[in-house]
Amino acid sequence: MPPADNTFNFSPPIDSKYLIDLYAGDYVMIGETFSDVLMEYDDFVRQINAGYEQGDRTALKSAVHKIKPLFGFVGLLTLQAECQDFENSCLRAEAGALAANFSTLRSNLLNIRTLIETEKERLHQFNNG
């Protein structure tokens, strides 16, 4: 385990303070959480895409609801809030607005996976000296 006075600086948009406080500075646990999130991530994204492609707004809303907590576990509070906003508007938004919002969300979901992978690797190096 890294020395107590050694602080890991997460890359933006990860909220470092939130994560360090959430896990009481246990960087090993944070690294394990990043790994766990990545194991579930692709399946959740597939569910989101399937709900959208099938035009099933209820399934889409449910799939976004399921992925949303993962972002809190890895300190991506802005993306967690974006998921909440999308979820809230999912059943009431006009088709055009939903399509635009979904396009943004999908792009963010694809891009953020790479960041989670990178941070997991950085944490592994940090934790193993």
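Pairs of Cα atoms in the chain fall into 10 Å distance bins, from 0 up to the last occupied one, in shares of 12, 43, 26, 14, 4, 0 percent. Between the listed residues ASN108, SER16, GLY75, the Cα displaced farthest toward the positive end of the dipole of the chain, a dipole computed from Cβ unit charges relative to the Cα centre, is found at ASN108.
Against the chain, whose longest principal axis comes from its Cα atoms, helix 57-73 is set at around 10 degrees. At the residue level, SER35 shows approximately 40 square angstrom of accessible surface with a 1.4 angstrom probe and all protein chains present.
Compactness check for the range 1-59: Cα Rg over 2.2 N^0.38 Å is 1.58. Using the 1.4 Å probe convention, the accessible area of the range 32-129 works out to 52 Å² per residue with neighbouring protein chains retained. Candidate cross-link partners of LYS17 among the aspartates and glutamates, defined by an alpha-carbon separation under 17 Å and a same-chain spacing of 8 or more, comprise ASP5, ASP26, GLU119. Placing one equal scatterer on every Cα of the range 47-113 and applying the Debye formula, the log10 ratio I(q)/I(0) at q = 0.16, 0.18, 0.28 Å⁻¹ is -0.46, -0.58, -1.40. Using only Cα atoms, tell me the angle between helix 27-53 and the longest principal axis of the chain; keep it within 0 to 90° and round to the nearest 10. The answer is roughly 10 degrees.
Please identify the trypsin sites (Lys or Arg not before Pro) of the range 1-96 that satisfy two criteria: DSSP loop assignment and at most 16 other Cβ atoms within 10 Å. Which are they? Mind dumping the intermediate values first?
Working: sites: LYS17, ARG46, ARG57, LYS61, LYS66, ARG92; in loops: ARG92.
Passing both the DSSP loop test and the Cβ count: ARG92.
If I fit a long axis through the Cα atoms of helix 95-127 and take the longest principal axis of the Cα atoms of the chain, what angle between them do I get, 0 to 90°, rounded to 10? Helix 95-127 sits roughly 10 degrees off the main axis of the chain.
Quick one: ranking THR78, THR118 by accessible area, 1.4 Å probe, largest first, what do you get? Mind dumping the intermediate values first?
On the way: THR78 105, THR118 70 Å².
The ranking, largest first, comes out as THR78, THR118.
Leaving ligands, DNA and RNA out of it, report the carbon-plus-sulfur percent of the accessible area of the chain at a 1.4 Å probe. Percent of accessible area from carbon and sulfur atoms in the chain: 52.
Find how much the distance from ARG46 to ASN128 grows on full extension, using 0.36 nm per residue of separation minus their present alpha carbon separation; answer in nm with one decimal.
Numbers: separation 82, 0.36 × 82 = 29.52 nm, distance 3.29 nm.
Computed gain between ARG46 and ASN128 is 26.2 nm.
The values are calculated or read from the model by the stated rules, or taken from the named source; none is laboratory data. Please read these numbers as outputs of a predicted model, since none were measured by experiment. When we count neighbours, we look across all protein chains shown, and the Cβ atoms used for this are built from the backbone with ideal geometry, even at glycine. Just so you know, the surface numbers come from the protein's heavy atoms only, side chains and all, with ligands and any DNA or RNA stripped out. Shrake-Rupley method; radii C 1.70, N 1.55, O 1.52, S 1.80 Å.
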